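Following: one structure in structure tokens, then a few remarks.
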Amino acid sequence: DAGVIQSPRHEVTEMGQEVTLRCKPISGHDYLFWYRQTMMRGLELLIYFNNNVPIDDSGMPEDRFSAKMPNASFSTLKIQPSEPRDSAVYFCASRGTLGLYTDTQYFGPGTRLTVL
Amino acid sequence: AQSVTQPDIHITVSEGASLELRCNYSYGATPYLFWYVQSPGQGLQLLLKYFSGDTLVQGIKGFEAEFKRSQSSFNLRKPSVHWSDAAEYFCAVAPGGYSTLTFGKGTMLLVSP
């Protein structure tokens, strides 16, 4: 398996532009998570999905952020409009469910976003 | 809500020396506990996890961790550090039957020759 795939790996954009980050989870995993990592705040959970349905989006910082999961193999995180304080590394992770014991969260390599 | 404290922001260890990274958690019951490692420019990789049973957990790359309920701790250890272990280490906690992880702020490990 190729693991969790994220694209792009790096994104540089100007303030006010729309940014779309993409994630392909591991096949067969039914949970998908979006995290943001910054020096100041560490790793923060933004939103997670179970079976393509958003379960908890309380970590999404503002209405400028939105996430979708149209099918089991694809998710997007969109920022519109972007601001310099959105600069961070964004990670996608996925996880399966093994009966009574839940599986490990596997992380993608991340997208480093810089908003100028 | 659960929380995780990693009291050491940076640790420097000589190559070949032993290592212990500290992790304390706050949670009402026994949580699920994890250690992840992040190399520069990479995503997080799971080192080991504790769900139940034996409180001494073995992981990959020669790491182990011990769950101590009385101290609310889950410290990571390695008997002999290699230069390739230089990375940032994250402790994480989740409630039983977990859905989400709460991460500590991380400890950066530097390995000196």
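Taking the stated definitions as given, is B:Pro95 under 21 Å from A:Glu44 (Cβ atoms) and of a type outside the set (Phe, Trp, Tyr)? It would help to see each step written out before you state the result.
Working: under 21 Å from A:Glu44 (Cβ atoms): yes; of a type outside the set (Phe, Trp, Tyr): yes.
It is true that B:Pro95 is under 21 Å from A:Glu44 (Cβ atoms) and of a type outside the set (Phe, Trp, Tyr).
Identify all residues within the stretch B:88-109 that are of a type in the set (A, V, I, L, M, F, W, C) and surrounded by 18 or more Cβ atoms within 10 Å (Cβ to Cβ); write none if there are none. Before you say what the answer is, go through the steps one by one.
Filtering the stretch B:88-109 down to residues of a type in the set (A, V, I, L, M, F, W, C) leaves B:90-94, B:101, B:103, B:108-109.
Correct list: B:Phe90, B:Cys91, B:Ala92, B:Val93, B:Ala94, B:Leu101, B:Phe103, B:Leu109.
Across the stretch B:16-34, which residue is surrounded by the most Cβ atoms within 10 Å (Cβ to Cβ) among those that are away from chain A (no Cβ under 14 Å) and assigned to a loop (DSSP other than H, G, I, E, B)?
Quick first cut of the stretch B:16-34, residues away from chain A (no Cβ under 14 Å) only: B:16-22, B:24-30.
If we keep only those that are assigned to a loop (DSSP other than H, G, I, E, B) as well, we get B:16-18, B:22, B:27-30.
Values: B:Gly16: 12, B:Ala17: 13, B:Ser18: 11, B:Arg22: 16, B:Tyr27: 18, B:Gly28: 8, B:Ala29: 7, B:Thr30: 15.
By that ranking, first place goes to B:Tyr27.
Being within 11 Å of chain B (Cβ to nearest Cβ), more than 20 Å from B:Thr102 (Cα to Cα) and crowded, with 16+ Cβ neighbours inside 10 Å is the filter here; which residues of the stretch A:6-59 pass it?
A:Gln6
For the stretch B:61-76, give me each residue that is assigned to a strand (DSSP E or B) and either among the aromatic types (Phe, Trp, Tyr) or touching a His at 6+ places or on another chain (Cβ under 7 Å) (or both).
The initial filter retains those residues of the stretch B:61-76 that are assigned to a strand (DSSP E or B), namely B:64-68, B:73-76.
If the condition is that a residue be assigned to a strand (DSSP E or B) and either among the aromatic types (Phe, Trp, Tyr) or touching a His at 6+ places or on another chain (Cβ under 7 Å) (or both), then B:Phe67, B:Phe74 are the ones that fit.
Please go through the stretch B:38-60 and give me each residue that is within 11 Å of chain A (Cβ to nearest Cβ), part of a strand (DSSP E or B) and out of contact with any Gly (no Cβ under 6 Å at 6 or more places or on another chain), ordered by number.
B:Gln38, B:Leu44, B:Gln45, B:Leu46, B:Lys49
Here, each number is a calculation from the coordinates, and none is a lab measurement. Note that the structure is predicted; figures quoted are calculated from it, not measured. Positions of Cβ are generated from backbone atoms using ideal geometry, with glycine treated the same way; all protein chains shown enter the neighbour counts.
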